[in-house]
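The values are calculated or read from the model by the stated rules, or taken from the named source; none is laboratory data. Since this is a predicted model, take the numbers as computed values, not measurements. All Cβ positions, even for glycine, are placed from backbone atoms using ideal geometry, and neighbour counts span all protein chains on display.
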């Protein structure tokens, strides 16, 4: 019976040590466990299949990769589609976007699973801003060409197929660029002028890729976006707007860097 106080003390100390160890493990977990979920968001006029070269690299390197196939019917619809895919992720996620997709992830990035953002030749407006107005301040090559961007009678846009290979995909094989020019997803014109209600890059770390020869978005506008957001910025000289297809190794490397460091 005289041993009971001693045993009780040992149990108390053990319990304290266990609780402390558990607390330490919980505190350490966010930084010690690398992000393995990647969600990729396409931009206007294209679909998620263009991400396949990047997808192949990331999955080979052990990442769980999902593509969003947003409808391009309104910013709200596209944000909702992205959040549905984010809901399916099993934990911390890097959210990546190309072109107009940058506006989508700027809002959808508020999702609790998102721990980092990657902008690939993409727009990154602030709250109250829209990419159309920002683009007028630093116009792109394509935006200054009469007839390059077409519109249907019911308000959906597409890039003139004759201009697509040289403006959107100048560093892709011509046959591939021509196929993409004739398989465009018509995009509601209003998506480009809907102001942001949220800007996730103000609260979450971001990475940005500048396509040095981009004709769809002015590369200087991309640089300005990323400087304002304090993004970790990579410039890929000579890359067209289709940089995610033409330079998949460099794009995947930036995404993996975000996955390694977003929670540090």
Scanning the range 181-211 for residues that are farther than 18 Å from residue 124 by Cβ and exposed (fewer than 15 other Cβ atoms within 10 Å of the Cβ), the one farthest from the chain's Cα centre (by Cα) turns out to be 182
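What about residue 97, is it buried (at least 24 other Cβ atoms within 10 Å of the Cβ) and in contact (Cβ under 8 Å) with a residue 60 or more places away in the chain? Outline the logic, then answer.
Working: buried (at least 24 other Cβ atoms within 10 Å of the Cβ): yes; in contact (Cβ under 8 Å) with a residue 60 or more places away in the chain: no.
Spelling it out, it is not the case that residue 97 is buried (at least 24 other Cβ atoms within 10 Å of the Cβ) and in contact (Cβ under 8 Å) with a residue 60 or more places away in the chain.
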Has the range 58-65 got at least one residue that is within 18 Å of residue 256 (Cα to Cα), assigned to a helix (DSSP H, G or I), at pLDDT 95 or above and in contact with a helix residue (DSSP H, G or I) (Cβ under 9 Å, 6 or more places away or on another chain)?
-> yes
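For the range 74-86, indicate whether the set of residues that are within 24 Å of residue 235 (Cβ to Cβ), surrounded by 16 or more Cβ atoms within 10 Å (Cβ to Cβ) and out of contact with any helix residue (DSSP H, G or I) (no Cβ under 6 Å at 6 or more places or on another chain) is non-empty. Before you say what the answer is, go through the steps one by one.
Quick first cut of the range 74-86, residues within 24 Å of residue 235 (Cβ to Cβ) only: none.
No, the conditions are met nowhere in the range 74-86.
Is there a residue in the range 129-142 that is without any contact (Cβ under 8 Å) to a residue 60 or more places away in the chain and buried (at least 17 other Cβ atoms within 10 Å of the Cβ)? Write out each step before concluding.
Here is the first cut: in the range 129-142, the ones without any contact (Cβ under 8 Å) to a residue 60 or more places away in the chain are 136.
Next, only the ones that are buried (at least 17 other Cβ atoms within 10 Å of the Cβ) stay: none.
No; the residues of the range 129-142 include none that is without any contact (Cβ under 8 Å) to a residue 60 or more places away in the chain and buried (at least 17 other Cβ atoms within 10 Å of the Cβ).
Conditions (1) at positive phi; (2) in a loop (DSSP other than H, G, I, E, B); (3) touching a residue at least 60 places away in the same chain (Cβ under 8 Å), marked per residue:
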{"site": "162", "(1), (2), (3)": "no, yes, no"}
{"site": "170", "(1), (2), (3)": "no, yes, yes"}
{"site": "180", "(1), (2), (3)": "no, no, yes"}
{"site": "191", "(1), (2), (3)": "no, no, yes"}
{"site": "214", "(1), (2), (3)": "no, yes, yes"}
{"site": "217", "(1), (2), (3)": "no, yes, yes"}
Any hit, the range 146-157, residues being within 26 Å of residue 95 (Cα to Cα) and in contact (Cβ under 8 Å) with a residue 40 or more places away in the chain | yes
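Picking from 113, 37, which residue would you name as being touching a residue at least 60 places away in the same chain (Cβ under 8 Å), touching a helix residue (DSSP H, G or I) at 6+ places or on another chain (Cβ under 7 Å) and under 19 Å from residue 262 (Cβ atoms)?
113
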Working carefully through the options 39, 46, find the one that is under 14 Å from the mean Cα position of the chain (by Cα), modelled with pLDDT of 95 or more and at negative phi.
-> 39
Checking residue 90 against (1) surrounded by fewer than 21 Cβ atoms within 10 Å (Cβ to Cβ); (2) modelled with pLDDT of 95 or more, the condition it does not meet | (2)
Which of (1) farther than 17 Å from residue 43 by Cβ; (2) touching a strand residue (DSSP E or B) at 6+ places or on another chain (Cβ under 6 Å); (3) in a helix (DSSP H, G or I) does residue 166 not meet, given it meets every other one?
-> (2)
When the range 61-73 is examined, which residues are found to be within 17 Å of residue 156 (Cβ to Cβ) and crowded, with 19+ Cβ neighbours inside 10 Å?
-> 70, 72
Within the range 91-160, which strands (runs of 3 or more DSSP E) (wholly inside it) include 3 or more residues that are closer than 16 Å to residue 79 by Cα and within 23 Å of the chain's Cα centre (by Cα)?
-> 93-99, 114-122
Matching residues in the range 161-171 - criterion: being surrounded by fewer than 20 Cβ atoms within 10 Å (Cβ to Cβ), touching a helix residue (DSSP H, G or I) at 6+ places or on another chain (Cβ under 6 Å) and more than 23 Å from residue 73 (Cα to Cα) = 171
